[in-house]
Each structure stands twice: as structure tokens, then as C-alpha cells.
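Please treat every number below as a calculation from the coordinates, not as lab data. Quick caveat: nothing in here was measured; it's all calculated off a predicted structure. Ideal geometry is used to build each Cβ from the backbone, glycine not excepted, and the neighbour counts take in all protein chains shown.
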Protein chains: 6
Amino acid sequence: MNKPISRWPVPDLNDLPDDMKARILDVQAKAGFVPNVFLALAHRPAEWRAFMAYHDALLLKETGSVKDSNGLANSLTKGEREMIITATSAVNHCLYCVVAHGAILRIYEKKPLVADQVAINHRKADISPRQRAMLDFAMKVCLASHEIEDADFAALHAHGFSDEDAWDIAAITAFFGLSNRMASFSGMTPNPEFYLMGRVPKQK
Amino acid sequence: MNKPISRWPVPDLNDLPDDMKARILDVQAKAGFVPNVFLALAHRPAEWRAFMAYHDALLLKETGSVKDSNGLANSLTKGEREMIITATSAVNHCLYCVVAHGAILRIYEKKPLVADQVAINHRKADISPRQRAMLDFAMKVCLASHEIEDADFAALHAHGFSDEDAWDIAAITAFFGLSNRMASFSGMTPNPEFYLMGRVPKQK
Amino acid sequence: MNKPISRWPVPDLNDLPDDMKARILDVQAKAGFVPNVFLALAHRPAEWRAFMAYHDALLLKETGSVKDSNGLANSLTKGEREMIITATSAVNHCLYCVVAHGAILRIYEKKPLVADQVAINHRKADISPRQRAMLDFAMKVCLASHEIEDADFAALHAHGFSDEDAWDIAAITAFFGLSNRMASFSGMTPNPEFYLMGRVPKQK
Amino acid sequence: MNKPISRWPVPDLNDLPDDMKARILDVQAKAGFVPNVFLALAHRPAEWRAFMAYHDALLLKETGSVKDSNGLANSLTKGEREMIITATSAVNHCLYCVVAHGAILRIYEKKPLVADQVAINHRKADISPRQRAMLDFAMKVCLASHEIEDADFAALHAHGFSDEDAWDIAAITAFFGLSNRMASFSGMTPNPEFYLMGRVPKQK
Amino acid sequence: MNKPISRWPVPDLNDLPDDMKARILDVQAKAGFVPNVFLALAHRPAEWRAFMAYHDALLLKETGSVKDSNGLANSLTKGEREMIITATSAVNHCLYCVVAHGAILRIYEKKPLVADQVAINHRKADISPRQRAMLDFAMKVCLASHEIEDADFAALHAHGFSDEDAWDIAAITAFFGLSNRMASFSGMTPNPEFYLMGRVPKQK
Amino acid sequence: MNKPISRWPVPDLNDLPDDMKARILDVQAKAGFVPNVFLALAHRPAEWRAFMAYHDALLLKETGSVKDSNGLANSLTKGEREMIITATSAVNHCLYCVVAHGAILRIYEKKPLVADQVAINHRKADISPRQRAMLDFAMKVCLASHEIEDADFAALHAHGFSDEDAWDIAAITAFFGLSNRMASFSGMTPNPEFYLMGRVPKQK
């Protein structure tokens, strides 16, 4: 398992600018290890910072924190956002993102089976009809965004999604399309730890 | 031509945070108008800032400013970067990006015909074999990033591209894949000014 | 820009049979130049004549000149026919036809932006719902003619199209599918003049 | 078997202009019946005439009658032209053309099995390597004409094909792409006679 | 026509185990020749036996012999089962199966034209609306089984198909997907006899 | 997790014929549970028996037990056979088979990460170049068996695979294409036990 984590040179943590180093140490403290994406993208600090800022804007936003023009709030849970990422990454055949975000999905949703289901065939996953509609919309943004039309938004609204949700679904799908391409092209490998996370009860 | 520029509410320039407003006024001063993308994404300031930071990291970097592990510098001209964007956006059927970046491509390359050629069929475009190889790599990242392998990098190296160039080509393709999906899904329309830019000699 | 206009030998205008020469001089008089298709196909006079006869049968027919079995007349305007050609040629990635017929489309419709819109994504073009239905039908004939069924005709009739119109849409799409393949395969290049035609007000 | 031969009204032979009537009676005399395409397209005399002229220019030309710039003659036999038509029509799922031209192929080649083989999978057909290369080129023109490049011509030349042959292969493929779309869209049905032609020795 | 019937060694009939030999002689007695599939798979007796057992379970079952939980019986005629096989094999471009099962289809249905129609474009075949629905379901199982959903079963039920029928359609499609891949990969060629069977009245 | 294991009625183990019951109890004894496929297919005993016989012929054969005409033995390990099944099932989006056979793959190969890698993108999996060639061949059989040609066999031979291996790879791929379609169409769900098998060291 000594395959390098990227085709590109990976900088030493201690050679990184302070803000990057601080963020990485913070993640390490929470996760117990440094997810490879933080190091594999680090040789380009400006892109790294933009990538992380985009990531945080989409994934750290509090559910219910903003409202659309109809007064409907953003409603995607953090687990649902990871569901979108897992489905998108599977369609794009991105090993890093399916494994890493599948792990986070299992943890957020507390459903050890859901990530594999969503990755293999979201139509067969043990999810709600609302989540199914969410993933159908995401898959269309992923595969044929130029064909998105009124009917696609109507299908979301029928399940109670707000316009803020529609944007969130599309933006998460689009951002991880970027992430998938970067990870696949650069040969980024997932940390072994991710494969098992969320599959077994946490040991104390 | 009173079609709205987006399905989403577009904020008034004066309601935006100072940094966003400053950037937009700066663009307006240079271009003579505000490209719609700056306004259409503005209702989400955090995403807007990350988007612009990513854009700038990829497109404003000076040619020759960094070197790869073989001592080869980054060599993509600004025109070549726009060529990648135009080809990617055409494959993704993104009206906004083909029209806007096609305009910038014409201007940078001082070739009034090249953008239409690259958008319709890059194999027939009046570009160098090196640029053709660059676009072939970009198209594979765009359409089948999971199939990128050693042979694809070798094809780039055969034309003198550095590893920094390979990353730049892939990252620009990946980032505009994000941009294309956002523009198409949100119904973003290009400013009419873009359609003609770079096609006729500048009037004095 | 000295790329040849075709992989094949291009005959001298003066070596052509009289009928071909007359037609070409007539086009030149009207357009101010000889569109390359007239020369690039000319080394095969019998095919050239059949091609031009087919072209004229479809494109020169007067709107309203014939009626279908329900008494409904043919209604496609000349601009709409060029719209079909532009959309078809874009889907077939034919550089010559998108550039040349996009120019004619702009002129007939007096809409300088419409050709680029139709070529990049007809779903986003600034056209009427009736024209959208027309292009949807054309795209199905272009990409999956074997799947055309009653429902496709019903969709046309719902917008007031006659059976003569349905035939016209399909025949124009089919004929330019032929034209696209010939132009792409033979390396036919568009005249530079086409790129700008119809984009700027005619100078007097 | 009383299904109409077309969605469109089929004119009575006696109502047709003399030139069309003469041609149709001539075909009937030779074949023993009127192939439906002659009637199904006849309500549009101008298109009918162009269609037949194009057909004749491509299919009636004598083998060896012209030479390319290297002095190589056109070499496609009439059977090989029908082979191209059958393969193209199968890929386009055109019932009329596979059945009608498959019949003519069997007769010209005097091989009762070859049409079914070419239609189902030309890679498995009992044809020469030269014919296989011919069909590979035709299939690329049919399915991805915008990707045709020097290497595709080189593959033809390696089998002794002239530039005239390359044009013939492409033009036949392109013309029958038109024909396939017209037949499928209009619901043209093949005459029952075609299905059996060339499968059994002619009875005396 | 001395092409071998398979890339693999074909055992001599007399070297086969008794049960295999008996079955093959039985088929030969009925058909007048040994269909090549019986010999081309025979070098692997265990697979051969499983293949034949699966085949018989699906194709020899009597119509009306079992009932589903709603009390509806299995209703596919033997001709309809061959229709499914022919359509599936055509989509999979399997020369052996289209030719062999097309022959059986013609015989069972006593319709000499139906096999070619179903193979080229089942939408244009001269079959009942019920059979059309049957083939639409089969094609979805063949090409996108992971997208099969409630609506697909409802479409079958609307034509009176039982749940046993749904299973039969899917299982026949799936089994011949296996058969198609084996035949294509191994270069299995159809017996010349099949091409003509069922096309002409049986001679006495 | 009370979703039924199939759209179809699932027979009670005690109502099954003795041979089926014995086999199922045997599997249960070894695995600790009854894999759902054994029950979900059981309402059709004849198909069930053929399915299991085929399965056993392909998966229980001893490595090295037969030789091809060049004297080369069959060499696929049991782990490699599961690798083929996992890759095929992922391409066919079959939830049951990816989960169940991915588990067996992990166990046979003693590599807890390999199943997810093969399922998401076999090009990035931590496998040998020989195994990569094996999966490339399998994927072509799965997706385009009609295009398999000499060059595909040569690529296998270059890695030391025998003709027996080529057949095994193709037959396993073809058989699980059948299995995938049956599982997806019938709504077969994987036993929860499979998801975790082979991911953690066996507890004593």
C-alpha cells in the first residue's frame, strides 16, 4: 500500500503557509488523520485556498440559515449533501471522492449501508422519495446540465425543496464534478482509513 | 431582449459587500460593462468569493512563473487558457461560457475566427499541433477523467508541455465544468456585448 | 489563413460546365464572394447538381405555397429553415455549415445573437415556443430518426405545424446531415466572410 | 399486411409528371414491382428528382471511370456500394433501406448470406479485409464524421483505395444517412418482395 | 464458406458424453442439421449442460402452465419468446443469435418478414401493441436494467401481462444477453441453413 | 431495513424441493446466513437449478485443472473471478452483485480495499497489470462484445493468459451480466451482512 497519494509532488506539512498548516492540523485533530486531498492539492496554495473556501461555503452552511424569495429555507441536511457528493462522484468514477465522502455520508446519516447503495444505484438505495428526487436532480446537473428546464425545478418543489435547495443541490454537484476530475486526473488515492469509517460502531 | 439574466434574484450592485462591489466596478471599468456572471452568482457571497479566487488562481497566473520537478515552466498563454475554456464549455453546451470566453479568446489570440472553430470542432480549428494536443487532453478530462492514464501525459510531454501545464489544463477544464453547470442550471444569459467582441477591429 | 478549402482538388471556375459556372457567378454576385461549398463539391458535377437541386427544393420553396391533406399550408419561414440547419450542423459538429448557415440565419431573422444561441444550446435560445418545438423535432430526426413516433407529430401539431411542415423540418435536417458529413469528411473550410455576416448593421 | 407504405399521401402513378412516371415504369419493368421509395417520396416532385439524381450519380457510375490526382481509379464495385448502404442503414435502424438494399447487395454479390451479416455486425461478415476497411471508414463517417482525420484516409490507402474511392464511400454513407432519416421518419415500409430477393436461386 | 464455427476447438460429436450426444442427435433429427451452438459450447460440458437447462427452462415451458399471485397465468407464446430473443440479439449485435432465432421466430409466428423487422427496428415491426410493450420492456432490461421501476411493470400490466410474464420477458432477455456475449466473443458462426428457414413455404 | 428482498413472492425454505433445500442449508452453514439470491430466484426451480449449475461450473472449477490447445492451463484464481464479477456488476449498476461479490472478493484476496476500488474505477485499483488486462477484456465483453477481435486476445496472451482463461473471463462476465439483470429487474436486495464482510479481521 505504498502507492503515492498523487502523481504530483506532495509538499511537507511543515513547508506550507501557516493558514494551510493550521487548517490541516485542525482536520487531523478531528479525523485522526489528514485526508489526502489536503496534501495532494497543497502544492498550489492559491487553488487550495479557493477549493477549501468553496467547499466550506457549500458544506458548512447551517441548515435553515437562509430563505428563498418564497420564504422557504434551505433544508438539506449535512448527510444529504454527502449523499449528493457520493452519487455524483460515483457517476464520475472518482475513487477518492466516493470512498472519502461515502464514509462521511455513513457517519452523518448513521446508516452504514447507504453509501454503497447510493454509489452503485441510487434508484435502489434505502432513502426517502424526497432524497430520491434530490439525487435525480443532481444526476441531471451532473450529466446533462444544459437540458435542465422548468419541469426539473417543479419536480423538486413537489417534494418541498426551496429554491435555495435547488441551488445547493446543483452547486454541490458542480463543485464535486470539479473535485472528481482533479482527483482522477492527478491519481489521488483515498486514505485507507476512509474505507471502514461509519461501517462499524465506534469503539470506545 | 429583456429576458432576465438568471432564474435567481439578482442583487443590486449597491447592496453588495464592499469587496464584491469593488471587484465588479473594476471589471466594469475595464470591460465597459458588467459581465452577468458577476451579478448572477452574487446572491451567495461566500461562493462568489471562492469562485472568483479559483478563477483568478487559474487565469491570472503569469506564464513562466513556476517550474515543475523537471525544471520546466508553466507555459500556457492566456489565449490558450481561454481556448481550453471555450472547448470545454462547448462540449458542455454552456451558452454563457462559450459566448463570454469565446470573446476573450478572440481578443487574446487576435484571431477573430478561432473561437467559433474551437467551439464547433476543435479538430478543424486553425491552431497549432501543440494546441490541438492541449485540447485533446482537456476534452478527455472533461468527458472521461477516470480514463486518464500515463499515455495521456506522454502525449502532452511530446509537445513540450510541463507537468505544471498538465495540471493547468486539467484544472481549467475542471473549474469551467463547474462554471458551465452553474450557468446552464441557473439560466445565466451572456451579455449581448460579448457576441461581437474581438470579431471586428477596435474602433478608435 | 492559407489552409486549402478542401482535401480534394478544387477546380477552376472557368473549367466548370456552363450551368455550374452560371450558378456560381450568380451566387457570387449576390453574396459578394463564392461560398466554398460551391467549389469544394464541383469536381463531381453530377453530385453537385443533385446537391444544389435538393438544396433549392427545400430552401427556395415559398412559404404558404402548398397545403397538406388537412388544408394547412407549409409555414416555415426562410429564417426558421436556417435555424434548423444551424442546430443540426452544430449537433453534427460541422464547422462549415454552422458558420455559413449561422450567418444566413442571422440575416434572415435579423437577430445577430440567435445563431450562436441555437448552435450552443437551442433550449436556451431566444426563440418562440413554436420554434423550440420545431428544433426538438429536428434534433430527434437528426439523432434518433428510428424512434420518431405519433407523439412527435402530435407535439408539432400542437404548435400549429402542418404535415407539410413536419416533412420540411425532417427533410432539411436529413439533407444537412448529408451536407455536414460531406463537409467534415472533406475538410471543407468556411469562407472567412461568413463569420461576421449579420452580426453588425450593414454598412452603406 | 395492409399497413400503408407511408404516413403521407401516396400519389397515383398516373397523376405524376411524365419524367417521374417514365422512371417508375422503367424500374417496375426491371424489378417486377415498384419499390415503395419511388412512390413514398413522389408527392414532392422537386425533392424526388434531386434524390434520384443524387442516387444515380453515386450508384450508377461505372467502376474505373475516373481517376484521382495519383492516377488511381474509382474501384468500388456495385456490390460494395450496396454493402456500404446496408451497413449504414443498419446503424441508423432504417427498416426500408436495410431490407431493400440488403436484397440488392445479395444479388450483386451473389452471396445470399452477406446482407444479414453486414447488417448485424460487419466485423463478423464474410467479406475481404479491404471491404472491412471500407466499412470501418463508412461507419466513422456515419457516426462521427467530425472526427475523420489523416489516419482514416491512410487506413483506406493501405488497402489500395483511391481518393475517388474515399469520396465515394463517404458520399454513399452520407446520402443514405439522408435516405434513412426520410424513410424512418415518414414510416416508409419495404415491399414484401425485397425480403426474399437474392436468397434463393432465381427460378426459371 | 469454410470459416470455422468458433475460435475454439470444436469436439467431435462421438467424443462427447452420452447425454450431450443424445441431445444433439435429437436436435439434428428435428432440425435436419446440428445448430452450431451445440458444438461450439461443447468443449465445456458443465457449462453446456447448464446453458441447455437454462434455455429449456425458459423456452420449453408451456404457455398457461403457471399463475402469478393475482391468478394470472404466463401467457407468452413460443413465437413471442423468439421475438424477445431476436430483438435482444440485434441490440447486442450477435450474428449467431439473430440469424438462428430469427429463423425460429419466422417459423413459430408463420410470418416470414417479422424477424428482419424486429431486428432492424422493433418500433416499425408488424406486431401487436401488446408485443410492442413486451419488446420495450425487454429492451430496457437489456440496456438499462438498473433503471427498471414501477412504471415499467405498470406498462406491462396495462397490456394484460402477468407478473410471470414480466419475469419471463426479463429472464429471456438476460439469458440471451449471456448467449450473445458468448457467441460474439467466441466467433460463433450461424449455420447457413438458418438464413433461409421460415422465409419460403416448406417444400414437400 | 424491512424492505422485501424481491418484488416477487419468496418461497419458504421448507416448501422447496429437497435438492434446493439441501444446497441452501449448506450455504447457510458456511456463510452463517442465506444469501438472498438463493431465495429470490427459488420460485422458479428449473431456472434456479440451471443458474446454480452455471455458477458452479464457472466459479468452483479448480485453477490449473484444464489446458488449452497450447498446453497452457486455466489460471484464474478464485479471487480474480470475483474481481471480474465485481467490475462487471458495477458497470451494470447491480446493487446485489456488487455488494455480495465485493464481499467475497475481499475475503478471497485478503485485501479489504480492493472491492471498492474495482467497483468505482478498475483503472485505479491496486491490482497487478495482469489483472488490469483481465478486467479490460471483461469490460469489453460486458459493454461491446461484438467488437472483440484478435487484438483483444493478443492483449491477454501478452500477460500469459491461456485460451481457457479467455473463455473463463468472458463466460464469467456474460453469466453475471445475466445475474445483474435479474437482480436489478426483480429488486433483489443484498443481505446486510455482506456490506462488512472482509473489511475487518475475523473475530475469534
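Table for the structure above
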| read-out | value |
| --- | --- |
| In degrees, nearest ten, helix B:45-59 long axis to first principal axis of chain B (Cα) | 40 degrees |
| Cβ-vector label at 7 Å, B:GLU147, separations to other copies in nm | 0.8, 0.8, 2.0, 2.0, 2.1 |
| Solvent-free Debye scattering, log10 I(q)/I(0), computed from the Cα coordinates of segment C:37-79 at q = 0.21, 0.22, 0.23, 0.30 Å⁻¹ | -0.71, -0.74, -0.77, -0.99 |
| Closest approach to the C/F rotation axis among chain C Cβ atoms, residue and whole-Å value | C:HIS146, 9 |
| Between segment E:23-76 and segment C:127-204, the alpha-carbon center distance in angstrom | 49 Å |
| ³J(HN,Hα), Karplus 6.51/-1.76/1.60, whole Hz, each residue of segment C:156-162, x for Gly, Pro | 5, 4, 4, 9, x, 6, 8 |
| Point-to-point label distance, F:GLN28-E:SER65, nm (Cα→Cβ direction, 7 Å offset) | 2.9 nm |
| Inter-copy separations for B:PRO201, label at 7 Å along Cα-Cβ, nm, ascending | 2.1, 8.0, 8.0, 8.1, 8.4 |
| Principal-axis tilt of helix B:95-109 within chain B, Cα atoms, nearest 10 degrees | 60 degrees |
| Amide H contacts of D:ALA73 (H built 1.01 Å from N, under 5 Å, at least 5 apart or other chain) | D:ASP68 |
| Summed side-chain charge close to E:GLU109 - residues other than E:GLU109 whose Cβ falls under 12 Å, Lys, Arg +1, Asp, Glu -1 | +2 |
| Percentage, to the nearest whole number, of Cα pairs in the protein assembly as shown over 44 Å apart | 44 percent |
| Helix F:78-91 vs. chain F, principal-axis angle (Cα, 0 to 90°, nearest 10) | 80 degrees |
| Rg/Rg_globular for segment E:156-204, with Rg_globular taken as 2.2 N^0.38 Å and Rg from C-alpha atoms | 1.71 |
| Free-standing Cys, chain C [no other Cys Cβ under 4.7 Å] | C:CYS142 |
| Cβ-placed point charges (K, R +1; D, E -1), dipole of segment A:27-99 about Cα centre in debye, nearest 20 | 140 debye |
| Tail beyond 28 Å, pair distance distribution of chain B (Cα, percent) | 28 percent |
| Trypsin sites (Lys or Arg not before Pro) restricted to segment E:102-159 and DSSP loop, no more than 14 other C-beta within 10 Å | E:LYS110 |
| Fluctuation leader among C:ASN36, C:ASN70, C:ASN121 - chain C, Gaussian network, Cα springs under 10 angstrom | C:ASN70 |
| Loop GluC sites (Glu not before Pro), segment C:27-83 (other Cβ atoms within 10 Å of the site Cβ: 11 or fewer; DSSP) | C:GLU62 |
| Long-range lysine pairs (8 or more apart or interchain), chain D, Cα under 20 Å | 18 |
| Relative contact order (%) - segment A:51-162, alpha-carbon pairs under 8 angstrom, separation at least six | 22 percent |
| In nm, spacing of pseudo-spin labels at B:ARG130 and B:ARG7 (7 Å Cα→C-beta vector) | 4.3 nm |
| Viscosity 0.692 mPa s, 37 °C: Kirkwood-radius Stokes-Einstein D of segment D:43-118 over Cα pairs, µm²/s | 240 µm²/s |
| Equivalent ellipsoid, segment E:92-204 (semi-axes from 5 times Cα gyration tensor eigenvalues, Å) | 26, 19, 11 |
| Charged-residue dipole, Cβ positions (Lys, Arg, Asp, Glu), chain B about Cα centre, Debye nearest 20 | 860 debye |
| Volume of the Cα convex hull of segment E:1-101, divided per residue and given in Å³ | 142 Å³ |
| Phi to ³J(HN,Hα) by Karplus 6.51 cos²θ - 1.76 cosθ + 1.60 over segment A:110-120, Hz, x for Gly, Pro | 6, 10, x, 9, 5, 5, 5, 5, 5, 6, 7 |
| Dipole magnitude of segment B:91-204 about its Cα centre (Cβ charges: Lys, Arg +1; Asp, Glu -1), debye to nearest 20 | 800 debye |
